[in-house]
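A quick write-up on the structure given underneath.
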Amino acid sequence: MIQIRKVRGHHRRWTDIDNWVERNKGLDLEYLKSQERDYAKIWVHPWSGISITNSEMAQPSGITKRRILQGLITIYNEWNIKLASLDEPYYLKIWLYDPNFSRSQVVCAIGNALDFYETTFYKPDEQKSLNPPHYGKLSDQMAAFDWEYHWDEFHFSPDDLGEPDDYASLKDYQYQKKWMTRLMQKPLRKTGYENTDGEFIESFAHREGTVWVGGQQPLPY
């Protein structure tokens, strides 16, 4: 069972957030031209680390969450100005995860990767609307974005389990098998894909939350 640990030292986290924003708001256009994609994830301790114990950090909340969200908006606005200077179409969005807020990020793309992210998330037919007043002091800034409702999903295939020889021990294999058995009993969305041999591989998606994909009209170029 995963334990949720509280986050302490919020004032130190706020300084880390400010530093993270400063490091990321300057979009490297030369790198972008070579890769055609870039992103700014929330790289603020402790949410950016990899847990080596059976626990995870509580999601950002209160002032800390608001400061991170303000940071995402600031990065978006700075990138918007830089991208407009390229004089070409571009993709620029904020991916806002709920409840997994710490996975939120700003994402952009140009050139051949312009449409790369359009199918990243499943968009259900029944759409919902984001409620800007829910974000308090940031409500006006949130209302300036057009937000689309998508699902945050974990994708997997039963073939991912593998064989006992693929694991460090039989105990590890049995644990993973038990976890997948429990997962298969949950409500799942059936998906699938074609591998390089043209064979259709059945897979599934388990919904873990929501992703609000937000953007504004591109600046004139």
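A few notes on this one:
- Normalised by the number of residues in the chain, the mean separation of alpha-carbon contacts (under 8 Å, six or more apart) gives a relative contact order of 22 percent.
- For segment 70-86 versus segment 17-31, the gap between their alpha-carbon centres in whole angstrom: 10
- Neighbour net charge for Asn19 - beta-carbon separation under 14 angstrom, K R +1, D E -1: +2
- Net charge of neighbours whose Cβ lies under 12 Å from the Cβ of Lys41, counting Lys and Arg as +1 and Asp and Glu as -1: +1
- Cα centroid of segment 121-142 to Cα centroid of segment 145-181, whole Å: 30
- Computed 3J(HN,Hα) for segment 122-128, one whole-Hz value per residue from the Karplus formula 6.51 cos²θ - 1.76 cosθ + 1.60 where θ = phi - 60°, is 6, 10, x, 4, 7, 8, 10, glycine and proline marked x.
- 3J(HN,Hα) couplings calculated from phi for segment 171-182 with the Karplus curve 6.51 cos²θ - 1.76 cosθ + 1.60 (θ = phi - 60°) are, in sequence order, 4, 5, 5, 5, 5, 5, 5, 5, 4, 5, 4, 5 Hz; Gly and Pro show x.
- Across every pair of non-identical alpha carbons in segment 156-204, the mean reciprocal distance, once inverted, gives a Kirkwood radius of 12.1 Å.
- Electrostatic tally near Tyr31: other residues with Cβ closer than 13 Å to its Cβ, Lys and Arg +1, Asp and Glu -1, net -1.
- Note on the chain: Cα Rg divided by 2.2 N^0.38 Å, N the number of residues, gives 1.16.
- Ordering of 188-197, 132-141, 12-21 by burial proxy (mean other Cβ atoms within 10 Å per residue, highest first): 12-21, 132-141, 188-197
- Nonlocal amide H pairs with Thr191, under 5 Å, H built at 1.01 Å: Ser203, Phe204, Ala205
Quick note: the coordinates plus some simple rules give every number you see, no bench work behind them. Note that this is a predicted model, so its numbers are computed, not measured. Glycine also receives a Cβ, built like all others from the backbone with ideal geometry; neighbour counts cover every protein chain displayed.
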